Amino acid sequence: MTTYSICLLPGDGIGPEITAEAVKVLGVIGKRHATEFTFAEALLGGIAIDETGSPLPEDTLVKAKAADAVLLAAIGGPKWDTTDPAKPRPEQGLLGIRKALELYANLRPVKLFPALLAASSLKPEYLEGVDMLIVRELTGGLYFGARDRETDVAGASSDGGPGMRAYDTMAYSEFEIERIARTAFEAARLRGCKVHSVDKANVLESSRLWREVVHRLHAVEFSDVELLDQLVDNTAMQLIRNPAQFDVVVTENMFGDILSDEASMLTGSLGMLASASLGDGTALYEPSHGSAPDIAGQGIANPLAMLLSVEMMLRYSFAMNDAADELAAAIEAVLADGWRTRDIADAETPAERIVGTVAMGGLVAERLVS
Ligand code: IPM
Ligand code: MG
């Protein structure tokens, strides 16, 4: 029997609820595929701050590095919101673990489920053929550049006197750009063979280097892949106007953060968007949505992005493609049968088809054995 160890990071808000559904579904998959999944739970985010004072305790890093894969639910919440740079924030835990595991490539597939067409904020005719992969650079750019807050800066106050000034920096090295571009081109070869490289090269120096490096790599190693440059503001518009034009979209960290939330709405809900964060070592899988503190503990969170992240884990970390296909088909079938969590229900959904977190996880688990 094959054994895979998974480090579970349930985190905050709805995190523990959707993690429980992932464990349930993995139990079923393990039985069907003669595989044992073992779980080591660790603290990350707000709960880690509460229990240890740090959003990323050392024990968590040790467990994550020792595991075959990491499954993270969500972190953050109003309880830990602060603008005081001296106070710990849950997000530092997430950014810290991405950096520590060198997870430079964040893959966010945006795929439509036919059953959810009505839940999208776009008209169905705009959605036909939408199937894209956003490849977001995850360990560089604005998120990790030099930043600071300066006090007593002359002329910085609104009254013209000394005041505060803060800055963040977007910096990219050739190496960082080339490795994420390579991920994107390789992914495109397995899909529609088209890459949109998204930047702001009409303004930003880091974007100009981005464009040069992407084109250099393209010319030398990937000239069989179609490459198009697009300015990020235009991409924001094109995602709504003509989303089917995209196959692979590769972009820097912050642009990818914003564009992937936007693209998720094509699928009807942020609750449907999975992600894989890959580097050269242990990979991490997490839904793209947040911890939804407003609905935490109510049993109504959508566990499907978490289960779709499990699907990616089966594929990328365990090479269990059959199991991944089965899980994808089970989710599709449950949706086709009309089952919805609240976030993906629409005006036509009968009340008895709207279910909670545990029931949705159970429906998928049942499908896997039927
Ligand atoms: C995401 C999230 C995170 C990010 C936050 C929680 C730090 O929005 O994974 O997209 O900005 O990367
Ligand atoms: Mg985000």
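The values are calculated or read from the model by the stated rules, or taken from the named source; none is laboratory data. These numbers come from a predicted model, not from an experiment. Cβ atoms come from the backbone with ideal geometry, glycine included; neighbour counts cover every protein chain shown.
Read through the list (1) of a type outside the set (A, V, I, L, M, F, W, C); (2) touching a strand residue (DSSP E or B) at 6+ places or on another chain (Cβ under 7 Å); (3) surrounded by fewer than 20 Cβ atoms within 10 Å (Cβ to Cβ), then give the number of the only condition that HIS196 fails.
So HIS196 meets the others, but not (3).
Quick one: is LEU95 assigned to a helix (DSSP H, G or I), within 14 Å of ligand 1 (Cβ to nearest atom) and farther than 24 Å from PHE318 by Cα?
On the way: assigned to a helix (DSSP H, G or I): yes; within 14 Å of ligand 1 (Cβ to nearest atom): yes; farther than 24 Å from PHE318 by Cα: yes.
For LEU95, the condition - assigned to a helix (DSSP H, G or I), within 14 Å of ligand 1 (Cβ to nearest atom) and farther than 24 Å from PHE318 by Cα - is met.
Given ARG191, ARG208, which one is charged (D, E, K, R), assigned to a helix (DSSP H, G or I) and more than 16 Å from ligand 1 (Cβ to nearest atom)? Walk me through it before giving the result.
Numbers: ARG191 fails: assigned to a helix (DSSP H, G or I).
The unique qualifying residue is ARG208.
Looking only at residues in the range 232-254 that are in contact with a Gly (Cβ under 7 Å, 6 or more places away or on another chain) and either away from ligand 1 (no atom under 16 Å from the Cβ) or among the aliphatic types (A, V, I, L, M) (or both), which one is nearest to CYS193 (Cα to Cα)?
Going through the range 232-254, the residues in contact with a Gly (Cβ under 7 Å, 6 or more places away or on another chain) turn out to be 244, 247, 252-254.
Next, from what is left, pick out any that are either away from ligand 1 (no atom under 16 Å from the Cβ) or among the aliphatic types (A, V, I, L, M) (or both): 244, 247, 254.
Numbers: ALA244: 14, ASP247: 7, MET254: 24 Å.
Among those that are in contact with a Gly (Cβ under 7 Å, 6 or more places away or on another chain) and either away from ligand 1 (no atom under 16 Å from the Cβ) or among the aliphatic types (A, V, I, L, M) (or both), it is ASP247.
Is there any pair linking a residue in the range 246-260 that is part of a helix (DSSP H, G or I) to one that is within 9 Å of ligand 1 (Cβ to nearest atom) and among the basic types (Lys, Arg), with Cβ under 6 Å and at least six apart or on different chains, and which?
GLY256/ARG136; SER260/ARG108
Residues of the range 134-192 being of a type in the set (S, T, N, Q), farther than 30 Å from LEU227 by Cβ and surrounded by 13 or more Cβ atoms within 10 Å (Cβ to Cβ), which ones? Write out each step before concluding.
Of the residues in the range 134-192, the ones of a type in the set (S, T, N, Q) are 139, 151, 157-158, 169, 173, 183.
Now restrict to residues that are farther than 30 Å from LEU227 by Cβ: 151, 157-158.
The answer is SER157, and nothing else.
What's the number of the condition ALA118 fails, among (1) more than 16 Å from ligand 2 (Cβ to nearest atom); (2) over 19 Å from ARG241 (Cα atoms)?
(2)
Residue-wise test of (1) surrounded by fewer than 16 Cβ atoms within 10 Å (Cβ to Cβ); (2) within 16 Å of ligand 2 (Cβ to nearest atom); (3) in a loop (DSSP other than H, G, I, E, B).
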| position | (1), (2), (3) |
| --- | --- |
| GLY281 | yes, no, yes |
| ASP294 | yes, no, no |
| SER309 | no, yes, no |
| ALA347 | yes, no, yes |
| GLU352 | yes, no, no |
| GLY361 | no, no, no |
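Got a number for residues in the range 296-307 being under 19 Å from the mean Cα position of the chain (by Cα) and either more than 16 Å from ligand 1 (Cβ to nearest atom) or assigned to a loop (DSSP other than H, G, I, E, B) (or both)?
From the range 296-307, those under 19 Å from the mean Cα position of the chain (by Cα) are 301-307; that's our starting set.
Among the residues that remain, those that are also either more than 16 Å from ligand 1 (Cβ to nearest atom) or assigned to a loop (DSSP other than H, G, I, E, B) (or both) are: 301-304, 307.
The qualifying residues number 5.
Go over the candidates GLY30, GLY15 one by one and state the one that is within 16 Å of ligand 1 (Cβ to nearest atom) and of a type outside the set (Asp, Glu). Quick ask: steps written out before the conclusion?
Numbers: GLY30 fails: within 16 Å of ligand 1 (Cβ to nearest atom).
Sole residue among the options that is within 16 Å of ligand 1 (Cβ to nearest atom) and of a type outside the set (Asp, Glu): GLY15.
Residue under question is LEU116, and the condition is that it be of a type outside the set (Gly, Ala, Ser), assigned by TED's automatic domain parsing to the domain that holds THR3 and either at pLDDT 95 or above or in a loop (DSSP other than H, G, I, E, B) (or both); does it hold?
no
Among the residues in the range 45-60, are any touching a residue at least 60 places away in the same chain (Cβ under 8 Å) and outside any helix (DSSP H, G or I)?
yes
Starting from the range 330-357, take each residue that is of a type in the set (S, T, N, Q) and list its partners that are part of a loop (DSSP other than H, G, I, E, B) and surrounded by fewer than 20 Cβ atoms within 10 Å (Cβ to Cβ), counting only C-beta distances under 6 angstrom and pairs at least six apart or across chains.
Partner pairs satisfying both residue conditions: THR357/GLY299.
I'm checking my understanding of the structure. Among residues of the range 265-276 that are part of a helix (DSSP H, G or I) and modelled with pLDDT of 90 or more, which one is farthest from ligand 1 (Cβ to nearest atom)? Quick ask: steps written out before the conclusion?
Kept after step one, since they are part of a helix (DSSP H, G or I), are these residues of the range 265-276: 265-267, 270-272.
Next cut, modelled with pLDDT of 90 or more only: 266, 272.
Values: LEU266: 16, MET272: 14 Å.
Within the range 265-276, the match that is farthest from ligand 1 (Cβ to nearest atom) is LEU266.
Filter the range 74-92 for residues that are surrounded by 15 or more Cβ atoms within 10 Å (Cβ to Cβ) and in a loop (DSSP other than H, G, I, E, B); which is farthest from ligand 1 (Cβ to nearest atom)? Working first, answer last.
Here is the first cut: in the range 74-92, the residues surrounded by 15 or more Cβ atoms within 10 Å (Cβ to Cβ) are 74-77, 80, 88-92.
Pick out the ones that are also in a loop (DSSP other than H, G, I, E, B) and you get 75-77, 88-89.
Numbers: ILE75: 6, GLY76: 6, GLY77: 11, PRO88: 14, ARG89: 9 Å.
The extreme case among them is PRO88.
What about LEU103, is it part of a loop (DSSP other than H, G, I, E, B), among the aliphatic types (A, V, I, L, M) and under 20 Å from the mean Cα position of the chain (by Cα)? Spell out the reasoning first.
Details: part of a loop (DSSP other than H, G, I, E, B): yes; among the aliphatic types (A, V, I, L, M): yes; under 20 Å from the mean Cα position of the chain (by Cα): yes.
The answer is yes for LEU103.
Do we find a residue being over 22 Å from the mean Cα position of the chain (by Cα) and at positive phi anywhere in the range 118-138? Show your work before the answer.
Residues of the range 118-138 over 22 Å from the mean Cα position of the chain (by Cα): 118, 123-126, 128.
Checking the rest, the ones that are also at positive phi come to none.
Checked the range 118-138: no residue is over 22 Å from the mean Cα position of the chain (by Cα) and at positive phi.
Being within 16 Å of ligand 1 (Cβ to nearest atom) and farther than 26 Å from PHE318 by Cβ narrows it down to one residue among ASP229, ASP257, ASP224; which is it? Break it down stepwise before answering.
Values: ASP229 fails: within 16 Å of ligand 1 (Cβ to nearest atom); ASP224 fails: within 16 Å of ligand 1 (Cβ to nearest atom).
Step by step, each of ASP229, ASP257, ASP224 is checked, and only ASP257 is within 16 Å of ligand 1 (Cβ to nearest atom) and farther than 26 Å from PHE318 by Cβ.
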